Amino acid sequence: MIFWQLFIAFLEVGAFAFGGGYAALPLIEQVAVNRYHWLTLTEMTDIIALSQVTPGPIALNAATFVGTRVAGFPGAIVASLAAVLPQTLFLLFLGWFMFYGGRTTAIDRALKGLRPGITGLIAAATVSMFISTFIIATGPLTIDWIAAAAFLIVIVLRIRKVSLTKLIFLGAGLGLAGGLIEHLVRP
Amino acid sequence: MSFWQFFLTIFKISSITFGGGYTIVPVIREEFVCKRCLLTDEEMVDLIALAQSAPGPIAVGTALLTGYKLKGRTGAVLGVLAAILPPLLIISALFFVYEAFASNYWVRAALRGMSGAITAVMIFAVYAMARQCLTRHRIFSGLLMLSAFLVGLLTSINTGLVILALGLAGFLAFTFIPQERIP
């Protein structure tokens with residue numbers, strides 16, 4: 001039964017993808033490409049590209065894509081729910097401890113190490129984003145001037161407390177405007 | 001904040017955070033810490049840390065725990081649903097045109113601008129979080145922050161393991177050393 005297969009496959013992806021994002025990729029490849037042949041490697045690469053231009057985590061995008069391909073929209077729902085089920089159960093349990101279990105000292109102590117550590121990890125992710133956003137990887141070292149302009153404008157506006165939603169849409173608008181300029185000046 | 005408001009807020013956040021991973025952090029912070037004052041910066045860092053100790057996407061875990069903290073178990077489940085619905089709808093809708101969409105010139109151009117914008121707001125979120133973490137036990141926290149930063153930037157060690165090590169470091173240090181002697 002195809003729904004059951006989808007469910008089990010993405011349950012596995014959801015249960016073992018610690019750290020989110022790119023941690024999920026090898027798992028998805030193993031399950032959807034190698035084991036069940038729901039995708040080719042090229043399609044897998046396409047999904048990664050698609051994930052970068054659509055909102056949402058890559059694991060969920062892949063689950064939806066594979067689910068839709070194999071069993072239509074219901075398949076997408078089954079695969080997505082399976083992908084978040086292990087996480088949901090685990091965090092309901094952990095959250096209960098945290099918020100209602102009288103916050104054991106053990107969790108409190110662990111959090112004293114986790115708080116600065118997570119901040120460090122997010123800072124590292126920000127630096128990686130900074131590099132991959134501004135430097136165009138192909139050819140000689142080139143700065144992506146569209147991203148750089150959006151970055152600088154948003155920094156200034158953020159200091160003036162403009163709301164985030166507006167800034168993200170502004171980023172999209174600036175990108176389109178920059179794209180239009182590049183389109184017009186291109187020989 | 002009502003259940004419906006909470007659902008809509010997470011739905012909105014999930015619809016505008018591109019690129020996955022930690023990009024949800026500044027947006028969640030703005031909605032729940034800055035605008036509505038429902039969480040403190042420290043509580044938010046705790047939720048992200050906890051979300052990271054489970055498998056699965058960070059955005060979903062953070063939405064779940066935010067819901068749990070603010071609205072109980074129903075809130076937790078609503079958080080998960082609101083977080084997975086936008087990608088579910090968008091990817092199903094784009095399924096038949098994905099190739100054209102992902103390589104479209106204008107989509108790419110908009111994304112270049114958005115990436116610049118998101119990187120900028122991430123810097124503000126990291127700054128606020130770092131300041132918060134360094135109020136007490138500055139040297140201990142600073143060392144852990146620096147180590148995690150370097151490991152995250154320079155190695156490809158699984159984040160799950162890094163989280164485990166950080167939790168252990170905190171647990172061991174504060175179990176075996178009297179708190180007032182940790183710098």
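Listed from fewest to most Cβ neighbours within 10 Å, the set B:VAL60, A:VAL78, B:VAL77 follows the order B:VAL77, A:VAL78, B:VAL60.
If R0 equals 45 Å, the separation of the Cβ atoms of A:ILE8 and B:LEU168 corresponds to a calculated FRET efficiency of about 0.90. Computed over chain B with a Gaussian network model linking Cα atoms closer than 10 Å, the most mobile of B:THR155, B:THR62, B:THR40 is B:THR155.
Mean residue ellipticity, 222 nm, helices only, chain A: the sum of -39500 (n - 2.57) across DSSP H runs of n ≥ 4, divided by residue count and rounded to 500, is -26500 deg cm²/dmol. Annotation for A:THR105 and A:HIS37: the two label points, set 7 Å from Cα along the Cα-Cβ direction, are 5.9 nm apart. Longer than 20 Å from Cα to Cα, which of B:LYS12/B:LYS35; A:LYS166/B:LYS12; A:LYS112/B:LYS71; A:LYS166/B:LYS69; A:LYS161/B:LYS69 are they? Say none if no pair is. Listed pairs above 20 Å: A:LYS112/B:LYS71; A:LYS166/B:LYS69; A:LYS161/B:LYS69. Equivalent ellipsoid of the range B:140-183: semi-axes from √(5λ) of the C-alpha gyration tensor, largest first, are 23, 12, 4 Å. Using the alpha-carbon centroid of each, what span in Å lies between the range B:67-91 and the range B:95-142? Centre-to-centre (Cα) distance: 21 Å. Can you tell me how the protein assembly as shown classifies by the Cα gyration tensor, rounded, prolate or oblate, using a/c under 1.5 as the rounded cut? Oblate shape, in that a/c is at least 1.5 and b/c is the bigger or equal ratio. Stretching the chain fully between B:ARG131 and B:SER2 yields a gain of 43.3 nm (0.36 nm per residue, less the alpha carbon separation). Which whole-number percent of Cα pairs in the range A:29-187 have a distance greater than 21 Å? Of all Cα-Cα pairs in the range A:29-187, 68 percent lie more than 21 Å apart.
Find the relative contact order for chain B and round it to a whole percent, using C-alpha pairs within less than 8 Å whose residues are 6+ positions apart.
22
When the helix-only estimate is applied to chain B (DSSP H runs of n ≥ 4, each -39,500 (n - 2.57), divided by the residue count), what is the mean residue ellipticity at 222 nm, nearest 500 deg cm²/dmol? Here the helix-only value at 222 nm equals -25000 deg cm²/dmol. Please build a GNM for chain A, connecting alpha carbons under 10 Å apart, and tell me which residue among A:ALA147, A:ALA62, A:ALA32 fluctuates the most. Result: A:ALA147 has the largest fluctuation of those listed. For the range A:1-111, the square roots a ≥ b ≥ c of the C-alpha gyration tensor eigenvalues yield an a/c of 1.5 or more together with a/b exceeding b/c, which makes the shape prolate.
Shape class for the range A:131-187: oblate, because the ratio a/c of the largest to smallest gyration tensor axis (alpha-carbon atoms, square roots of eigenvalues) is 1.5 or more and b/c is at least a/b. Each of B:HIS137, A:HIS37, A:HIS183 has some number of other Cβ atoms within 10 Å of its Cβ, and from fewest to most they run A:HIS37, A:HIS183, B:HIS137.
What FRET efficiency comes out for B:ALA93 versus A:THR142 if R0 is 51 angstrom and r is the Cβ-Cβ distance? Round to the nearest 0.05. E(calc), rounded to 0.05, equals 0.90.
A protection proxy built from the mean count of other Cβ atoms within 10 Å ranks the segments B:159-167, A:152-160, most packed first, as B:159-167, A:152-160. Here the contact order of chain A, divided by its residue count and restricted to Cα pairs under 8 Å and six or more residues apart, works out to 16 percent. Among B:ILE58, A:ILE131, the order by Cβ neighbours within 10 angstrom, fewest to most, reads A:ILE131, B:ILE58.
Bear in mind these aren't lab numbers, they're just calculated from the coordinates by the rules spelled out. Being a predicted model, the structure only gives us computed values, none of them experimental. All Cβ positions, even for glycine, are placed from backbone atoms using ideal geometry, and neighbour counts span all protein chains on display.
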